[in-house]
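The structure appears below as structure tokens.
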Ligand code: CA
């Protein structure tokens, strides 16, 4: 039998952390609680939790700072807990690498569903691949066996969700993928309304794989529809070539 998964709850309101602790324990998780951001970072280093539930409004160090610090070193799933009126915080958290969010107040079922979905996504990213061993698109390369991504032969570190999104786009190179398709395929069917999760993850991915993230070369917007990975040709070396596969970039 595998050990129980360890969840770190970072929450300063005792009423909320007690609620989270008891519902998670009932669902079979081991639980640690940090009442502030500094303590949270200590517990992450000491205990390497399998998942973090992170309130954004915390004493001593904000949840966003905790998130930024943890993401520099760790890939575990992070779900942020936000207030209803904190749309900005939610978007910032997603851009800093949060995997998902829960808006307070939320119920036990919603909490469970989000944990199960995030965990499933991480496991899927770790599953062995049946694809070709590598994907190459000009200076972008994915090594499916090593699960590594390279840009100009420099290794780029992606979180499991970013990796899964990139692979999904790569496997459908030159095809337009709708927001709904990407959300259902990478996150799960229950996420098809969460376009801002997708936008933030695309943003993060572009920061990592595009030379000019504001003027992307590989991952293009299809306004109002979704995104498309474009096949880029390696510049011809000896003979000149018309590059018949080159896709025209059109604005809609
Ligand atoms: Ca709080």
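Just so it is clear, none of the values below were taken in a lab; they were calculated from the coordinates. What you see is a predicted model, and the numbers here were worked out from it, not measured in a lab. So basically every Cβ, Gly included, is an ideal-geometry build from the backbone, and we count neighbours across all protein chains shown.
Give the angle, between 0 and 90 degrees and rounded to the nearest 10, that separates the Cα long axis of helix 108-126 from the longest principal axis of the Cα atoms of the chain. Tilt of helix 108-126: around 40 degrees. With r defined as the distance between the Cβ atoms of residue 27 and residue 3 and R0 fixed at 22 Å, what FRET efficiency is calculated, to the nearest 0.05? In this case the efficiency is close to 0.90. Neighbour counts of C-beta atoms inside 10 Å place 144, 29, 227 in the sequence 144, 29, 227, starting with the fewest. Among 109, 141, 231, which one shows the biggest mean-square fluctuation in a GNM of the chain, springs joining Cα atoms closer than 10 Å? Between 109, 141, 231, it is 109 that shows the largest mean-square fluctuation. Roughly what angle does helix 37-47 make with the longest principal axis of the chain, taking Cα atoms, 0 to 90 degrees, to the nearest 10? Approximately 80 degrees, to the nearest 10.
Working from label points 7 Å from Cα in the Cα-to-Cβ sense, the residue 143 to residue 113 distance is 4.0 nm. With contacts taken as Cα pairs under 8 Å at a separation of at least 6 residues, the chain carries a relative contact order of 12 percent. Each Cα pair under 8 Å and six or more residues apart adds its separation to the average, and for segment 35-167 the resulting relative contact order is 16 percent. Helix 160-171 and the long axis of the chain differ in direction by around 20°, with both axes built from C-alpha atoms.
For segment 6-126, pairs of C-alpha atoms spaced more than 19 angstrom apart make up 40 percent of the total. Spin-label model, residue 104 to residue 151: label points 7 Å out along the Cα-to-beta-carbon direction sit 3.6 nm apart.
The Cα-based radius of gyration of the chain, divided by its Kirkwood radius, gives an Rg/Rh of 1.01. Over the chain, DSSP H runs of length four or greater, each weighted -39,500 (n - 2.57), average out per residue to a 222 nm ellipticity of -11500 deg cm²/dmol.
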